[in-house]
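Remarks on the structure that follows.
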Amino acid sequence: MANIASAKKRIRRTERQTEVNRQRRSRVRSFVKRVDAAVEAGDKEAAVNALRAAQPEIMRGAAKGIIHKNTASRKVSRLTRRVKALNA
C-alpha cells in the first residue's frame, strides 16, 4: 500500500481513469456488435446506419488511447467490407 500522499492520489486517479476507459471500450464493442448483428440478419439499411454510427465511435476510441490507431482502422475496414458484401 502506498504511504506517500502523491502515490495515494495517483492510485485514486488511476482507478477513476480505468473506469472511464472500461466504459469507452464497452461502448466501442457495443457499436461493433450492432453492425455485426445487422450484417448477420442481412438487413442492409440497418447495417449501413450501424456502420455510420460505429465508425466515429471506433476512431474516437483510438484517439482516446483505448485501442491502437491501426487496430481501429482495421476494424472499420473489415466492417465496411462486410457491409459492402451485403450489396453484392
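The values are calculated or read from the model by the stated rules, or taken from the named source; none is laboratory data. The model shown is predicted, which means the values in this text are computed figures rather than measured ones. Note that we place each Cβ from the backbone using ideal geometry, even for glycine, and neighbour counts take in every protein chain shown.
With respect to ALA62, is the statement that it is closer than 22 Å to ALA85 by Cβ and at pLDDT 95 or above true?
Values: closer than 22 Å to ALA85 by Cβ: no; at pLDDT 95 or above: yes.
Answer is no for this residue.
In segment 21-58, which residue that is among the basic types (Lys, Arg) and in contact (Cβ under 8 Å) with a residue 24 or more places away in the chain is farthest from LEU86 (Cα to Cα)? The qualifying residue farthest from LEU86 (Cα to Cα) is ARG24.
Of all the residues in segment 20-41, those that are more than 15 Å from the chain's Cα centre (by Cα) and over 16 Å from ARG78 (Cα atoms) number 1. Taken together, THR18, THR71 contain a single residue that is over 26 Å from ALA85 (Cα atoms), modelled with pLDDT of 95 or more and of a type in the set (Ser, Thr, Tyr), which is THR18.
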